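A short write-up of the structure that comes next.
No lab work stands behind these numbers, since they all come straight from the coordinates. For clarity, every value in this text was computed on a predicted model and none was experimentally measured. Cβ placement follows ideal geometry from the backbone for every residue including glycine, while neighbour counts extend to all protein chains displayed.
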Amino acid sequence: MDGNAASGDSDEFSWDSDSDNENGIKKSPLSSCLDSSTAGREEGTVPGEANASSAAGPSNSKLICHFVGMGFSENIVAKAIKENGEENTEAILETLLTYTVLEKSPLEGQSINSDILSSESDGDSTSHSPESDGDFLDELSDVDELSDINSSLGDEENMDHLSDKEKKLLLLVDMGYCIEEVSAAIDRCGPSCIQIDPHKDKKRQHFDDERWERKRKKAYEKKVLDEDDDAIHFPNPMLGFGVPGEPPLRTHRTLPEAAIGPPYFYYENVAFTPKGVWSTISRFLYDIEPEFVDSKYFCAAARKRGYVHNLPIHNRRPLLPLQPRTIHEALPLTRKWWPLWDRRSKLNCIQTVTASAKTTEKIRRALEGCEGVPPLQVQKDILDECRKWNLVWVGRNKVATLEPDEIEMLLGFPKNHTRGGGISRTDRLKALGNSFQVDTVAYHLSVLKEIFPGGINLLSLFSGIGGAEVALHRLGIPLKNVVAVEISETSRDILRSWWEQTNQTGNLIDFTDIRKLNADRLEQLISSFGGFDLIIGGSPCNNLTGSNRVSRDGLEGKHSSLFYDYFRILDLVRCIMGKN
């Protein structure tokens with residue numbers, strides 16, 4: 001997953017780095033106990049609202065000049081400042097834009113002049129409130145209501161029960177204006193300030209059919225997306241259809257006819273994504289219900305993931321021997337130094353980056369500055385950092401980040417899987433952070449051992465360091481032909497090295513760019529060894545994970561949009577094999 005950037009570049013003792021939504025880690029407050037240099041400083045202070053003075057003081061004059069320079073008239077700027085206060089520049093700009101919409105409107109009788117401004121100053125007008133007439137706006141926002149506007153306008157009887165504002169709102173929306181903008185303008189200046197000539201063509205004046213259809217289509221798609229998203233529920237706890245050691249939650253499910261395999265497919269990504277992402281993934285992958293599982297039921301580290309697949313779900317078997325399930329079982333040397341007030345038994349999700357040396361050093365200094373058990377606030381701040389960065393205790397008052405060898409063990413990879421070959425520690429951490437949790441995936445894939453006793457032909461998309469290949473190998477399923485598609489040269493080298501070290505007898509074929517894997521190449525591969533038995537992969541989560549504050553754009557993001565290539569290739573393979 002796309003991890004947070006390492007923190008701790010400042011010399012001040014601060015815990016205010018961003019948190020990872022997936023792990024549910026909240027930003028910890030700054031504690032004066034941890035650094036005397038920050039004593040007395042209070043974060044997150046919100047300045048109180050201040051009313052604009054009628055006499056333009058120095059700051060008022062600068063504010064007026066600022067907005068006048070943006071093209072607004074001085075009178076309107078002064079009025080907007082008086083209405084919203086000097087501190088609230090966003091509200092001032094919103095008010096100015098509203099006035100500008102009214103001033104530039106082609107409708108008769110609609111203008112911003114001194115009369116309107118003076119009437120507002122006397123308190124006759126009502127300031128805009130999002131709650132005003134909310135029910136009516138909600139109805140207009142509904143796709144069915146939008147589609148009936150034209151018919152409502154054509155029948156005067158249908159409008160008799162509406163208020164003057166509602167009638168005017170309907171007429172203006174029919175002419176192509178945005179509902180929110182019109183409503184804000186009417187609320188601010190009153191319905192009487194907007195007059196419409198009844199002799200003009202109400203339905204066609206400044207009405208753009210193409211724009212209207214585009215708005216209706218967008219509203220419909222949004223409604224469908226929201227409705228679909230309501231069908232996706234995250235279970236608590238995240239046990240999927242069942243985990244080892246627990247009674248199965250489900251032993252049978254009905255798949256859509258189009259999804260019945262073989263070939264089988266298996267898709268993975270982070271569980272907590274922007275709204276609508278899993279609905280879209282499910283819709284593209286033949287409307288299969290996702291299975292959400294937390295890997296903390298397979299190892300000592302959490303990893304909340306969603307899986308969409310058409311595999312059977314009965315007779316699953318875990319890898320043996322079972323992984324250690326707690327921190328002290330997985331990392332026994334930490335037990336000696338673990339303080340009683342750190343009650344963690346599981347690590348959080350493994351990230352692609354780790355805490356900086358400054359962070360661990362600040363924790364050491366903070367603890368050494370306390371006599372005996374640290375104060376509760378210091379404990380809380382330190383534990384927040386430990387959870388966020390998966391820090392473990394390696395000495396008295398001393399925490400450290402996980403080593404790549406330890407992460408390999410937690411994720412189910414063989415020892416030294418990512419070590420050697422000139423690969424740096426940073427590259428190892430990044431590759432491991434983007435990988436499968438092998439035990440979890442192997443539990444789902446274990447049903448294939450009886451189906452393919454002689455071996456399997458695998459198409460591994462976004463193969464990374466070979467989590468799927470390792471899982472199948474540990475299950476005892478021979479790898480006859482593996483086509484691995486991975487853009488990272490480092491990850492390809494790690495997989496190739498593992499392939500050679502384990503003396504695989506099958507064929508490993510590399511591709512670098514999934515976007516260049518087309519129908520012709522797939523037909524050649526399928527004809528050469530008779531088709532694929534399993535298509536597996538997890539597209540990049542860079543634009544999906546909660547730790548990405550900059551470009552969390554969902555499936556439209558630059559990286560995460562590669563999900564559509566997963567579906568494209570899956571659909572091509574199924575069509576080619578069906579045709580053959």
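Just a few scattered comments:
- Gain upon complete extension [Q377, R343; 0.36 nm per residue less C-alpha separation]: 10.7 nm
- Contour minus Cα-Cα distance for R283 and H233 (0.36 nm per residue): 16.5 nm
- At R0 = 22 Å, FRET efficiency that the Cβ-Cβ distance of T502 and F529 yields, to 0.05: 0.60
- Cα gyration tensor category, rounded, prolate or oblate, for the range 335-375 with a/c compared to 1.5: oblate
- Amide N proximity, the range 415-445 versus D405 label position 7 Å along Cα-to-Cβ, cut-off under 14 Å: 415-420
- Charge dipole of the range 393-488 about the Cα centre (unit charges at C-beta), most positive-ward option of N416, V482, V438: N416
- Each Lys or Arg adds one and each Asp or Glu subtracts one; over the other residues with Cβ under 13 Å from the Cβ of P324, this totals +1.
- Note on the range 383-481: Cα-Cα pairs beyond 16 Å make up 63% of the total pair count.
- For the range 285-308, the residues whose amide N sits under 20 Å from a probe point set 7 Å from the Cα of C575 along the beta carbon direction are 285-288.
- Shape category assigned to the range 425-580 from the gyration tensor of Cα positions, a/c cut at 1.5: oblate
- Per the Cα gyration tensor, the range 340-409 maps to an equivalent ellipsoid with semi-axes of 21, 13, 11 Å, ordered largest to smallest.
- Under 5 Å, built H, 5+ apart or other chain: amide partners of V394: V399, A400
- Extension gain (nm, one decimal) between L255 and S424, 0.36 nm per residue minus Cα-Cα: 56.4 nm
- The residues neighbouring R396, those whose beta-carbon lies less than 11 Å from its own, together hold a net charge of +2 under the Lys/Arg +1, Asp/Glu -1 convention.
- Taking the convex hull of Cα positions in the range 275-326, its mean projected area over all directions (nm²): 4.6
- Rounded to whole Hz, the Karplus (6.51, -1.76, 1.60) HN-Hα couplings of the range 464-475, x for glycine and proline: x, 8, x, x, 5, 5, 5, 4, 5, 5, 5, 7
- Label reach from S61 (point 7 Å along Cα→C-beta): in the range 69-87, no amide nitrogen lies under 12 Å.
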